[in-house]
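Below: one structure, written as structure tokens.
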Amino acid sequence: MMPQSSIQHTDAGHFFQTINGLQQLAETRRFKAWLLDQFGVLHDGKQSYPGAISTSLGKSCIHMTWGDRGAISLEGLGLRIVENVEEAEFILAHGTEALGQSSGAACPMTLEELEKILEHCAGKGIPMVVANPDFVTVEARNLRVMPGTLASKYEKLGGEVKWMGKPDKIIYKSAMAMAGVDAVDSIAVGDSLHHDIKGANAAGIRSAFITGGIHATELGLGSFGEVADLSSVKALASKYDAYPSYILPSFTW
């Protein structure tokens, strides 16, 4: 039985409940596994919110990574980072700020410069593995371009992309297998309707939508913790064809 303070809403056969904090869900003891998104839920890329690869494509890769946020190390994966497209067997997209170098360092690049490299790779028929399919994420209330944007660009150029993350249900299925739980015992918490919530829908598990993340501006929210207008949430859910079980302003107890 859900807390009396929650409000039930239906829209075109879809159902969700508004809650003030996670305590209301936790006290029901309904879920054994909680699958949490990080950016836009636990932190904004700079600081925490209040209250809260391997492949069979080859060994040599062009590595698109982060600069200011810190380059991602591929140590221990048995991969060889190359900077010459002619030597690459695939592209590994971790970030959108820099090009990884064989030394382990990262050479800062603009999005336009990275896209030029993608054009060259597409002409060679080199496949891409995108390790983080998000299109954007929050960073100190601003939106930052994520690898999913590069992957979408690459597909438009005719390149082959392997999407290794949300909303693909394999991520949720794998997490549930690791935790040893079934879908009925799991809930996903995220701020992206397109990735987190849509993925949970595909995996058949419940979900909690944090409105103060990447969709804050779309929902007309001006400050952290502000409660979103329910009609705006319903309209946005319909736009992305992603329907959360619960909605709440932020990841707080």
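For the stretch 171-253, give the percent of accessible area contributed by carbon and sulfur heavy atoms, probe 1.4 Å, rounded to a whole number. If you can, show how the numbers build up before the last one.
Numbers: 1820 of 3220 Å².
Percent of accessible area from carbon and sulfur atoms in the stretch 171-253: 56.
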Accessible area per residue, Å², the stretch 53-178 with all protein chains present, probe 1.4 Å | 49
Sites Met178 and Ser56 - FRET efficiency at Förster radius 22 Å, r taken between beta-carbons, to 0.05 = 0.55
Taking N as the number of residues in the stretch 110-253, what is its Cα Rg relative to 2.2 N^0.38 Å?
-> 1.16
Would you please give the residues with an amide H less than 5 Å from that of Leu99, counting only those at least 5 places away or on a separate chain, with H modeled from the backbone geometry?
-> Thr65, Cys107, Met109
Using modelled backbone amide H atoms (1.01 Å from N, in-plane), which distant-in-sequence or interchain residues come within less than 5 Å of Thr18's amide H?
-> Ile7, Ile247
A correct Kirkwood calculation over the Cα atoms of the stretch 59-165 returns a hydrodynamic radius in Å of 13.6
Between Gly222, Gly199, Leu157, whose Cα lies farthest towards the positive end of the dipole of the stretch 108-231 when Lys and Arg beta carbons carry +1 and Asp and Glu beta carbons carry -1, centred on the Cα centre?
-> Leu157
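To the nearest 20 Debye, how big is the dipole of the stretch 74-140 about its Cα centre, given +1 on the beta carbon of each Lys and Arg and -1 on that of each Asp and Glu? Provide the component values of the computation, followed by the final result.
Details: 3 positive and 12 negative charges, 36 e Å.
Value, rounded to 20: 180 debye.
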Amide H neighbours of Ala188 at under 5 Å, excluding residues fewer than 5 places away on the same chain, with H built from the backbone geometry, are Leu35, Arg206, Ser207, Ala208
Cβ charges +1 (Lys, Arg) and -1 (Asp, Glu), total dipole of the stretch 118-253, debye = 260
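May I ask you to derive the FRET efficiency for Glu75 and Ser152 from their Cβ-Cβ distance with R0 = 45 Å, giving the value to the nearest 0.05?
Efficiency, rounded to the nearest 0.05: 0.95.
A 18 angstrom limit on the alpha carbon distance is what I want to check against. Which of Lys124/Lys156; Lys156/Lys239; Lys116/Lys156; Lys169/Lys198; Lys173/Lys198; Lys166/Lys198 exceed it? Before the final figure, lay out the partial values.
Working: Lys124/Lys156 15 Å; Lys156/Lys239 22 Å; Lys116/Lys156 13 Å; Lys169/Lys198 9 Å; Lys173/Lys198 14 Å; Lys166/Lys198 8 Å.
Lys156/Lys239, as the Cα separations exceed 18 Å there.
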What is the spin-label model distance, in nm, from Thr110 to Val145 if the labels are put 7 Å beyond Cα along the C-beta direction?
-> 1.0
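The values are calculated or read from the model by the stated rules, or taken from the named source; none is laboratory data. As the structure is a prediction and not an experimental result, all values here were calculated from the model. Glycine also receives a Cβ, built like all others from the backbone with ideal geometry; neighbour counts cover every protein chain displayed. The area values use the complete protein model at the heavy-atom level, side chains included, leaving out ligands, DNA and RNA. Shrake-Rupley method; radii C 1.70, N 1.55, O 1.52, S 1.80 Å.
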